[in-house]
Amino acid sequence: MAEPQWRRRYEQLAGASGYLNDLGNEVLRAERLAGPRDTLMMAASAATASEGLALALQEEWALYTPQEAAAVTAALQVTLTQTMANLQFLTVAVGQIAARGDLDLASGAGAGLAGILRELAVKASGQTVTAQDVASATRALAAAPLARRLPRTVHENMITIGECIGSPAELTTLAGHHHPEATAYGCGCALRIRGGGQLYYLAYGDSHWSLFAEDASRSDACGRRFWEDAHVIDLDLLDPLAHPGQIVQAVEEALQASP
């Protein structure tokens, strides 16, 4: 890892040049990242930035001073060290996929993948990973079959979430129309859930998964229910096709925290 003063140096230089963008700063300072969308965005950003740096360094006027070169070197040192750490974190993340039951690492192609990932983690810890090691892991991961099919629509997601929660969850329709084919907006359904002695509705709408307390609802002239913002519990999940297990976990945490 680069010395702290050099880390500050390259951050200061980049900031003064206007290249530390707001998105990167916000993500790095966020309390939590939501899921695959953020993970893939960060991975793509890192790869794009690395390719861009290669182009920049090949320009005649890429750097003016040796101090600027030292700052770039410090940044590269962080990149190299963090890449090795990230390869180890990747093997842990795949293990979590298996622990949820979405990937079988005990038999068939999964067993071979488990061995490849173990070797990758060991080499990463010793910083001896080669490009071929990473390519082999990439191919194995791309070919690994899912142990179960994930929901393809919001309605399928609602059904699966209800199955995960069990008998306290009841699927009902809150909106005037049902859209079972929806993938980017609510399907019109909600799950009626009991928690902490109260009844709640779980639904996707306005680009969020949210919980609504039943006794805080109001009805419009057409008899449709709605809630004031103050009575809505935002689960901080934006993806309508977020993993059902992740949504159930967020629901449980929200109900435990609810008075």
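The values are calculated or read from the model by the stated rules, or taken from the named source; none is laboratory data. For clarity, every value in this text was computed on a predicted model and none was experimentally measured. Methodologically, a virtual Cβ is constructed for each residue, glycine included, from the backbone with ideal geometry; neighbour enumeration extends over all protein chains shown.
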Selection from region 99-108 of residues free of Cβ contacts under 8 Å to residues at least 40 places away in the same chain and surrounded by 14 or more Cβ atoms within 10 Å (Cβ to Cβ) yields L105
Picked from region 58-79 (must be part of a helix (DSSP H, G or I) and out of contact with any helix residue (DSSP H, G or I) (no Cβ under 9 Å at 6 or more places or on another chain)), the residue nearest to Q127 (Cα to Cα) is A69
Within region 169-209, restricting attention to residues that are of a type outside the set (A, V, I, L, M, F, W, C), part of a loop (DSSP other than H, G, I, E, B) and within 20 Å of L255 (Cα to Cα), which residue is modelled with the lowest pLDDT? G196
Given the residues R148, R152, R139, which is the only one that is surrounded by fewer than 19 Cβ atoms within 10 Å (Cβ to Cβ), assigned to a loop (DSSP other than H, G, I, E, B) and at pLDDT 90 or above? R152
Read through the list (1) in contact with a Lys or Arg (Cβ under 7 Å, 6 or more places away or on another chain); (2) under 28 Å from V92 (Cα atoms), then give the number of the only condition that R149 fails. (1)
Looking only at region 54-72, how many residues end up being surrounded by 13 or more Cβ atoms within 10 Å (Cβ to Cβ) and touching a residue at least 12 places away in the same chain (Cβ under 8 Å)? 4
Just wondering, is there one or more residues in region 210-227 that are in contact with a strand residue (DSSP E or B) (Cβ under 7 Å, 6 or more places away or on another chain) and modelled with pLDDT of 90 or more? yes
Provide a single number: the residues in region 160-177 that are touching a residue at least 12 places away in the same chain (Cβ under 8 Å), surrounded by fewer than 17 Cβ atoms within 10 Å (Cβ to Cβ) and not acidic (D, E). 7
